[in-house]
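Below: the structure, in structure tokens.
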Amino acid sequence: MAERAGSGRKHQVEDTVMRDLLRVPVGARVSLSSYDASATPGGATAPRSKTDGLEAVARMGVPLAGLQERLWAASTAGDRRRVLLVLQGMDTSGKGGTVKHVASLFNPVGCRVRPFTAPTPEELEHDFLWRVRKRLPHHGELGIFDRSHYEDVLIGRVRELAPRSEIESRYDRINEFERSLTDDGVTVVKCFLHISYEEQRRRLLRRLANPRKLWKFSPADIEERALWPAYQEAYEIALERCATDAAPWYLVPADRKWYRNWAISRLLLEHLKAMDPQYPEPDFDVEACRRRLQEEG
């Protein structure tokens, strides 16, 4: 956050840019244990309570919807740009909750949500990026991936679902793939939802205590928790090797759901503002059409 000194006081002169604050530095070593999953970074810009967070997200609804409409409108005149929001994180980190709360701010006509579960037999017959390419957003759309191609270097690495040499080759292929997306007009926003081990336990216990949430629980969730250190290492490697200038990673503290939703909404708002899509100029005589309608009857 930019500040200036004067008369012994510091004055905020502009809002914190969350794209800078949450971005994982390119080429840096990543140690997830050094990041506080319950933090609320953002300076004076960030909300300080759940109530403030909900209100702040609601206020972003109008500008987000307006920018989305402009992006969609621009695509009708040949603008190829679109946005891809990638959500990754441990179980209970809030990928589905983010989709529910953030996607609701947009017109569903131009918003495409794609979950990635275990690959089907047909998908396993192809390269790991094959099913991803089929689910990319179209021109003018906001696409949201609930999990993504990164599963193939996360669970694939931890569970040894492919030879280690194959896993190692995938990082460069992911970078090449994401570079090709940005070259084709896709703004890629990759968010790692960083949840703590203790908060995951609390959320799993809440699921077990709520009959309406039992469908979301599996005994396998407990087995996966036993592999927490391996998953943390796998995420650190993915963040280190696939944080690029073309497709940065953003590390979003996710222990506080209201902050997580605010931060991701803010990241989308900043990216869409930077894209600055414009309504296309009409290819007809507006005044002539107005006169014809006024002269009717």
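Details
- Selection status of Pro280, surrounded by fewer than 18 Cβ atoms within 10 Å (Cβ to Cβ), of a type outside the set (Phe, Trp, Tyr) and in contact with an Asp or Glu (Cβ under 9 Å, 6 or more places away or on another chain): yes
Condition check ((1) surrounded by fewer than 21 Cβ atoms within 10 Å (Cβ to Cβ); (2) without any contact (Cβ under 8 Å) to a residue 40 or more places away in the chain) across all residues:
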{"position": "Ala246", "(1), (2)": "yes, no"}
{"position": "Ala254", "(1), (2)": "no, no"}
{"position": "Met275", "(1), (2)": "yes, no"}
{"position": "Asp285", "(1), (2)": "yes, yes"}
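- Listed here are the strands (runs of 3 or more DSSP E) enclosed by segment 1-100 that have at least 3 residues being at pLDDT below 95, over 22 Å from the mean Cα position of the chain (by Cα) and not hydrophobic (A, V, I, L, M, F, W, C): 3-6, 9-12.
- The set of residues in segment 173-190 being acidic (Asp, Glu) and in contact with a strand residue (DSSP E or B) (Cβ under 7 Å, 6 or more places away or on another chain) consists of Glu178 alone.
- Residues that are over 21 Å from Gly96 (Cα atoms) and aliphatic (A, V, I, L, M) were ranked within segment 208-237; the one that is most open to solvent (accessible area, probe 1.4 Å) is Ala226.
- Residues satisfying the criterion are present in segment 96-105 (criterion: touching a residue at least 60 places away in the same chain (Cβ under 8 Å), within 18 Å of Thr187 (Cα to Cα) and of a type in the set (A, V, I, L, M, F, W, C)).
Every residue, every condition in (1) assigned to a helix (DSSP H, G or I); (2) over 19 Å from Phe106 (Cα atoms); (3) of a type in the set (Phe, Trp, Tyr), yes or no:
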| residue | (1), (2), (3) |
| --- | --- |
| Val252 | no, yes, no |
| Asn261 | yes, no, no |
| Ser265 | yes, no, no |
| Leu268 | yes, no, no |
| Tyr279 | no, no, yes |
| Phe284 | no, yes, yes |
| Glu287 | yes, yes, no |
| Arg290 | yes, yes, no |
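- Residue satisfying condition, being over 30 Å from Ala44 (Cβ atoms) and out of contact with any helix residue (DSSP H, G or I) (no Cβ under 7 Å at 6 or more places or on another chain), within set Ala246, Ala209, Ala238: Ala209
- Residue list for segment 107-146, filter: in contact (Cβ under 8 Å) with a residue 60 or more places away in the chain and closer than 24 Å to Asp172 by Cβ: Gly143, Phe145
The values are calculated or read from the model by the stated rules, or taken from the named source; none is laboratory data. Bear in mind that the values here come from a model prediction, so they are computed numbers and not experimental data. Glycine gets a Cβ as well: all are built from the backbone with ideal geometry, and neighbour counts include every protein chain shown. These accessible areas exclude ligands, DNA and RNA; they are computed on the full protein's heavy atoms, side chains included. Shrake-Rupley method; radii C 1.70, N 1.55, O 1.52, S 1.80 Å.
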